[in-house]
Amino acid sequence: MRIVLDILPPVSLRAILTPKLALSLGAVALAGGALGACAGGAGSTVEGPSIVVTTSVLGDVVENLVGDQAAVEVLMPRGADPHEAGLSSRQADDMSRADLVVINGAHFEQGMERVIESVEADGTPVFAAADHVDLLTFAEEHERQQAAGAAADDEHAAGEGEGEGDKLGGDGHGHDEDDVDPHLWTDPRQMATATGALSERLAEVDGIDAAALGRATDAYLAALAALDAEVEQALAPLPDADRVLVTNHEVFGYFADRYGFRVVGAVIPAGTTQAEPSSSDVTGLAEVIRDTGVPAVFAETSSPTALARALADDVGDVEVVELFSESLGEPGSGGATYLEMMRTNAERIAEALA
Amino acid sequence: MITWLTDPFASELTQRALIAGLLVAATTSLVGTWVVVRGLAFMGDALAHGVLPGIALAFLWGFDITLGALASAALMVGGINLVNRRAHVSEDTGIGLLFVGMLALGVVIISREDTYAGDLTAFLFGDVLGVRPSQVRMQALVAVGTLVAVVALYRPFLALSFNREKAATLGQRPALAHAAMLALLALAIVSSFRVVGTLLVFGLLVAPPATATLMVRRLPAAMATSVALGCLAVVLGLVISYHQDTAAAATVAGVAVAQFFVALIVRDVARLVAGRRPVEAAAGG
């Protein structure tokens, strides 16, 4: 109590500090103190350098690379919509003291961007995965997908693909055609490139054993190569004509580029992925589904219900399949690690479109 | 207890957040006391949100966001004045019209330009943790300027708050004082929202002064108490945000409002206790 009162400038305020005022101030401070006192002071106990990672996907990769050589803190919780993420004072503090901050970059961490910039300006090293891979813009993705669609000699004519292209870009977080797509992890080969660069950067952090890091990196890169082959194999039964993804939010651009899919984004109210689709949005989506003849629509585990419910009401005969998109799931959900999440997604896509 | 209070402010980043927050709290408390005394809370809220279209356009056209916000605020005050003079409706109707109109315009501009959408959250909740040293310096200037203005304009403001007609007969110019007050209000809002977001600006503008008026009667004392309460809310809010892992700006705003209700309860309980004694004495005698 006394500490709190001592914050007040002593001279000018003592004069007006009537007993009643002191009582009130004391009560206010007490209430605040009680609120804060039940905080669990769960400080990090792991020795060694500290690494703060924004996304759960990259957090998994970092943990695989450094093992228990460093304390790894992941800021975005599993299953959460990353666009909503705001930072607590402690998280910002941890970030500013970290030996390395690992982010996805390319404006993926919208809610944290200013803090990240501030931390970097203060001199904390920041590694952005997006800076180390060849990013595609949304426009480039659409072009490539249309080219792929035209090349596929099937009932989906190229002209149809163009028409669908117009519907793209109006998704949850409002992409501009010229914006780069930050969702690079949906392609395991992009992820391997990012992992290589990340490993080199981690080797510069004091207290991380280079030899152990090298071994872990080799093992993880091998796992990523195996994952890529596995996904390819899982999707092998699908002919090119069936490789169409209808999603509520444009996340799978790199996946589509790697495995020859066309992404037909559906329109969800702009601004937030949490918004309820309006009736015209659902009608638009229903139209896309009829045009493309796809048997399934892919929703995201981090924001699934609105789309699923609206579609079930409107279209009826379409399956809504949840994919892991921007965040890992809880253990046992099939998406607890990056590798698991990609395998589960490939299986679900193969099954739904078969 | 000491480390519980000092741990949250150990790094440069959180220290900057603290200093910026304290400066904002001081600025808004000084202006906010007049807002509460004169019943301008709705005007304050409207201004805090009505700056959105100016910000959005400044962002799109690439000029300074603070200038855009100031222009927006000026347009809004002008619009409210115009409505009140020409349409003879009550002042809050004019404020409401302009509030909704400006906010809608801002959201429409933003929705046309997809890339800006992400910054809307920052507009509402701010980024007290992402404050740059240059913003802290600017905030300090505004705080000092506000203090000087509030001291210098104390008498005209006081006359304006209690009897506008009498102020006019005394040779003061209430219209000018009113305009100056609105300008100070706009300045406090525009300078602060980039640091803490409009939600917290409005919270700090209204909550600490309102709490202060529960505690003390005289205006200068209310201002000083309000500044102290605002600063206390900033410190406690950031400390709680640190220990409980909650969003920083919202926690500070929450603490500021909680202070009001705690003070209200304490005052009423104190009155109850004080009120019973004479009754008992009467019954006993």
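The values are calculated or read from the model by the stated rules, or taken from the named source; none is laboratory data. Bear in mind the structure is a predicted one, so any value in this text is a computation, not a measurement. Neighbour counts are summed over all protein chains in view; Cβ atoms, including those assigned to glycine, are modelled from backbone coordinates with ideal geometry.
Yes or no, residue by residue, for (1) at pLDDT below 95; (2) more than 19 Å from A:Phe324 (Cβ to Cβ):
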site: A:Asp153; (1), (2): yes, yes
site: A:Gly161; (1), (2): yes, yes
site: A:Glu164; (1), (2): yes, yes
site: A:Gly169; (1), (2): yes, yes
site: A:Asp179; (1), (2): yes, yes
site: A:Leu184; (1), (2): yes, no
site: A:Leu198; (1), (2): no, yes
site: A:Asp209; (1), (2): yes, yes
site: A:Leu213; (1), (2): no, yes
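Kindly indicate the residue of region B:114-156 that is modelled with pLDDT of 70 or more and polar (S, T, N, Q) and also surrounded by the fewest Cβ atoms within 10 Å (Cβ to Cβ) among those meeting that condition.
B:Ser134
Report, by residue number, each residue of region B:239-249 that is in a helix (DSSP H, G or I), more than 14 Å from the chain's Cα centre (by Cα) and either under 16 Å from B:Val201 (Cβ atoms) or more than 7 Å from chain A (Cβ to nearest Cβ) (or both).
Selection gives B:Ala248 alone.
Given the residues B:Val216, B:Val252, which is the only one that is within 13 Å of chain A (Cβ to nearest Cβ), β-branched (Val, Ile, Thr) and in contact (Cβ under 8 Å) with a residue 24 or more places away in the chain?
Answer to the check: B:Val252.
Take the residues of region A:109-145 that are within 14 Å of another protein chain (Cβ to nearest Cβ), in contact with a strand residue (DSSP E or B) (Cβ under 9 Å, 6 or more places away or on another chain) and not charged (D, E, K, R): which is surrounded by the fewest Cβ atoms within 10 Å (Cβ to Cβ)?
The extreme case among them is A:Thr137.
Could you say which residue among B:Leu199, B:Leu187 is surrounded by fewer than 24 Cβ atoms within 10 Å (Cβ to Cβ), modelled with pLDDT of 90 or more and under 29 Å from B:Asn84 (Cα atoms)?
B:Leu187 is the lone residue from the list that is surrounded by fewer than 24 Cβ atoms within 10 Å (Cβ to Cβ), modelled with pLDDT of 90 or more and under 29 Å from B:Asn84 (Cα atoms).
What is the number of the single condition among (1) more than 10 Å from chain B (Cβ to nearest Cβ); (2) at pLDDT below 50 that A:Ala106 does not meet?
Unmet condition: (2).
Among the residues of region A:56-70, is there at least one that is within 14 Å of chain B (Cβ to nearest Cβ), at pLDDT 90 or above and buried (at least 22 other Cβ atoms within 10 Å of the Cβ)?
no
Outside any loop (DSSP other than H, G, I, E, B) and either modelled with pLDDT of 95 or more or within 14 Å of chain B (Cβ to nearest Cβ) (or both), is that true of A:Ala219?
The answer is yes for A:Ala219.
Does region B:53-63 contain any residue that is in contact (Cβ under 8 Å) with a residue 60 or more places away in the chain and more than 18 Å from B:Ile109 (Cβ to Cβ)?
For region B:53-63, residues in contact (Cβ under 8 Å) with a residue 60 or more places away in the chain and more than 18 Å from B:Ile109 (Cβ to Cβ): absent.
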